[in-house]
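Report on one structure; see the data block that follows.
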Amino acid sequence: MEKIRWFWVWAIASLIFRVVFIYFPNDLIVGSRIEVATPLTSLRRLTEGYWLKQFSMSPYAGSMYHGSPLLLSLLGPLTVIGTNGQPSYLFCSLLFVVADFVTAVLIRETGRKLLIAYSQHLKSLNLVNFLENSDILPAGDIASLIYLWNPLTIVTCVGLSTSPIENLMVVLSLYGACSGLAPLAAFGWVTASHLSLYPSVLVIPVIFLLGYGPDSPPKKLYLQKTASSNRNNPVLGDHLFSWRPVIHFLLWATIWSLYLLFLCSISLQQYGGLPEMFKRTHGFILTVEDLSPNIGVLWYFFAEVFEFFRDFFLIVIHLNILFMILLLAIRLNHRPCFLAFVYIAIFSMLKSYPS
C-alpha cells in the first residue's frame, strides 16, 4: 500500500510540474525548437493548416501542414480560443498532459502484466529461485515514473508538439496486445501508423504478444525441462503460437483502417480526398521533402546529394530500417515487448524527421 501511495504522489507531482511550465511566460516556450517539434508534429503548423481549412482552402496548401486530417479536426478547434488576436495553445497543452498521464498509466499496467506472466512461466518450470522479492517499486511503476519525469518527455509535452498523442497510441497498442484485447491493440496500432507511418512495423511484436502471450522464457527452457523430466511437460503447450487472437487482431485492424480512411475521405472530400492525404502525409515522410535542419542527418544528406541519386538513396535509407526487422523478430520472438522497444529505438533514430 505504501508503494502504491508513493507512486501516485510522484505521478501527480509530475503532472503539476508540467502544468507549471505551461503557465510560464511565452519566452520560455520551446515549440519553435527543432529538437522538440518537427514538420509532422509542430502544433503551430497544425494551427496554420486549420486556418487554411477554415477559409475553404486545402489544409495541405502552402506545404505547412503534413499531419492527419483527423488530428487537425481534433486539435484545430482548441487553438482558436486566444487573446489579443493570437492563438492560445493552453487547451492543447493540457490535453497533452492528460495524454502523457494516460500513457504512463498504460506503461505501468503493461509492466504489471508482463511481470505476472513471467513469474507464472518461471513457476511452471520450477525456476522459482529466479523470482526476486524487492522492497522497491515494481518495474512497471519505475518505467512509468521514468516516462513522466524524463526531461525530454516533459519538454515535448509542453513544447507544442503532438508527439504525446503518438506515444499514447503506440503504448495503447502494446497494452492491448499484452492484455489480449485485440480490438484495442488494433485501434492503437492503426492510429499510430496513420499518424507517423513508422509504427506500422510494430505489427510484428503485437502479433507475437497476441499469439504467444506476454514475455516468457525462451522456448529452449521448456525443451530442456521436458528433456530432463520422465514425463511430458504440460506447460510446453502454453508456449505454442495461437492464431485465433491474431486473426481477431487482423480483422479489427482492417475494420479500424477502413473506418479511419472513411473519416479522412469525408474531411478532405473537397481538397483532393485520400490521394492528396497520402501524398502530403506518408509521401512527405518517405520523400524527405522538407530539408530544414533537425536532430537527424537525412536533411543534411539530401541537401548535399546529387538529384540524380536522390531516389536511390531514399530506397537505401528506408530499407535500412526494414533490414533488421526480420532478424530481430526471429531472435526475440519470445520477448515481444523488448522487440517492440528495439523497433521503436531503431525508427526513432533513423526516421526522416526525428525529435
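The values are calculated or read from the model by the stated rules, or taken from the named source; none is laboratory data. Note that the structure is predicted; figures quoted are calculated from it, not measured. When we count neighbours, we look across all protein chains shown, and the Cβ atoms used for this are built from the backbone with ideal geometry, even at glycine. Ligands, DNA and RNA are excluded from the accessible area calculation, which covers all protein heavy atoms including side chains. Shrake-Rupley method; radii C 1.70, N 1.55, O 1.52, S 1.80 Å.
Filtered by the rule that a residue be free of Cβ contacts under 8 Å to residues at least 40 places away in the same chain and either under 21 Å from ALA345 (Cα atoms) or of a type in the set (Ser, Thr, Tyr) (or both), region 302-328 gives LEU314, ILE315, VAL316, ILE317, HIS318, LEU319, ASN320, PHE323, MET324, LEU326, LEU327, LEU328. Taking PHE284 as the residue in question, decide whether it is open to solvent by less than 50 Å² (accessible area, probe 1.4 Å), part of a helix (DSSP H, G or I) and in contact with a Lys or Arg (Cβ under 8 Å, 6 or more places away or on another chain). It is false that PHE284 is open to solvent by less than 50 Å² (accessible area, probe 1.4 Å), part of a helix (DSSP H, G or I) and in contact with a Lys or Arg (Cβ under 8 Å, 6 or more places away or on another chain). When restricted to residues that are surrounded by 22 or more Cβ atoms within 10 Å (Cβ to Cβ) and under 23 Å from ALA143 (Cα atoms), region 173-197 contains 10.
Condition test on ILE116, is it within 29 Å of PRO336 (Cβ to Cβ), modelled with pLDDT under 85, among the β-branched types (Val, Ile, Thr) and open to solvent by 20 Å² or more (accessible area, probe 1.4 Å)? In short, yes.
Within the set ILE16, ILE4, the sole residue that is without any contact (Cβ under 8 Å) to a residue 40 or more places away in the chain and closer than 25 Å to PRO151 by Cβ turns out to be ILE16. Only residues that are under 21 Å from TRP299 (Cα atoms), open to solvent by less than 60 Å² (accessible area, probe 1.4 Å) and in a helix (DSSP H, G or I) were counted in region 44-83, giving 2. PHE341 meets the stated requirement of being under 22 Å from the mean Cα position of the chain (by Cα), assigned to a helix (DSSP H, G or I) and farther than 22 Å from ILE34 by Cβ.
If you go through region 251-272 and pick out every residue that is in a helix (DSSP H, G or I) and surrounded by 15 or more Cβ atoms within 10 Å (Cβ to Cβ), you end up with 8. Just so you know, in region 25-34 the residues that are open to solvent by less than 80 Å² (accessible area, probe 1.4 Å) and touching a helix residue (DSSP H, G or I) at 6+ places or on another chain (Cβ under 9 Å) include one that is modelled with the lowest pLDDT, and it is ILE29.
Scanning region 154-197 for residues that are without any contact (Cβ under 8 Å) to a residue 60 or more places away in the chain and assigned to a helix (DSSP H, G or I) yields MET169, SER173, GLY176, LEU184, GLY188, ALA192, SER193. Does at least one position in region 327-337 carry a residue that is more than 30 Å from CYS178 (Cβ to Cβ), open to solvent by less than 30 Å² (accessible area, probe 1.4 Å) and not in a helix (DSSP H, G or I)? Looking through region 327-337, none of the residues is more than 30 Å from CYS178 (Cβ to Cβ), open to solvent by less than 30 Å² (accessible area, probe 1.4 Å) and not in a helix (DSSP H, G or I).
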